[in-house]
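Novice: Right, I'll just put the structure down here and ask away after.
Rule-based calculations on the coordinates, nothing more; no lab input. This structure is a prediction, so every number in the text was calculated from the model and none was measured. Neighbour counts are summed over all protein chains in view; Cβ atoms, including those assigned to glycine, are modelled from backbone coordinates with ideal geometry.
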Amino acid sequence: MICLTDGEFVAISSYFKSCYGVNLTSKKPLIEGRLGNYIEQLGYKNYTDYFEFAKTDSTGNEISVLINKLTTNHTYFMREVEHFQFFKDRILPWVDKDLSSKDLRVWSAGCSSGQEPYTLAMIAKDYLGSSASSWDYSLLASDISEKALICSKAWNLPEA
């Protein structure tokens, strides 16, 4: 397998941080594991040549492949249960008490195929109960992985 040099690692992780907000600075083994065989199969002798190809591919296809390979796309309902508990126990009561406009906007970034935002919608609907219809509530779910986004089109979030 092709060895990822420190310089190549810095170049790739810096690019992902500046262009996509994805922090790979401690993920050298992840990059090697997810890209090494792939790069070799394509006939590249090093990460630099492949990375330059991916960045300059005018179709944008290869950068999408790279994003899909280096993002986790791991999701499930109630993932990081402490975060959802905080949303339920602290955020929603604060919003309910202090937001007279009854206008709630939630953004779930990096949510893969959508189980986390679906969970947020269910928690909000449950919390708001019979008063849900008096709220203007929306949830934006986003991810940079096309693979995750294609998967997420099947979800229909419950109305709050």
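Novice: When we measure straight from the Cα of K88, which lysines land under 19 angstrom away, once same-chain ones fewer than 8 places off are left out?
Specialist: The reachable lysines, counting only those whose Cα sits under 19 Å from K88, are K97, K102, K125.
Novice: A further question follows. When a/c reaches 1.5 or more, the comparison of a/b and b/c decides; with that in mind, is region 6-70 rounded, prolate or oblate per its Cα gyration tensor?
Specialist: In terms of gyration-tensor shape, oblate.
Novice: By a straight-distance test (C-alpha under 27 Å), which lysines pair with K69 as possible cross-link partners, with residues fewer than eight away in the same chain excluded?
Specialist: List returned: K17, K27, K28, K45, K55, K147, K153.
Novice: What per residue convex hull volume, in Å³, comes out for region 1-125 when only alpha-carbon positions are used?
Specialist: Output value, Cα hull per residue: 144 Å³.
Novice: Contour minus end-to-end for L30 and N68, with contour as 0.36 nm per residue of separation and end-to-end as the Cα-Cα distance?
Specialist: 12.4 nm
Novice: If amide H atoms are built 1.01 Å from N in the plane of the peptide, which residues on other chains or at least 5 residues away come under 5 Å of the amide H of Y137?
Specialist: Under 5 Å from the amide H of Y137: L104.
Novice: Here's another thing I want to ask about it. Once phi is turned into ³J(HN,Hα) by the Karplus curve 6.51 cos²θ - 1.76 cosθ + 1.60 with θ = phi - 60°, what whole-Hz value does each residue of region 129-141 show in order, with x for glycine and proline?
Specialist: After applying 6.51 cos²θ - 1.76 cosθ + 1.60, I find x, 5, 8, 4, 5, 8, 9, 9, 10, 9, 10, 9, 10 Hz.
Novice: Arrange the peptides 59-71, 99-111 so that the one whose residues have, on average, the most other Cβ atoms within 10 Å appears first.
Specialist: For the peptides 59-71, 99-111, the packing ranking is 59-71, 99-111.
Novice: Can you list the residues, at least 5 places off or on another chain, whose amide H is less than 5 Å from the amide H of V22, using H built in the peptide plane?
Specialist: The list, which skips near neighbours in sequence, is K17.
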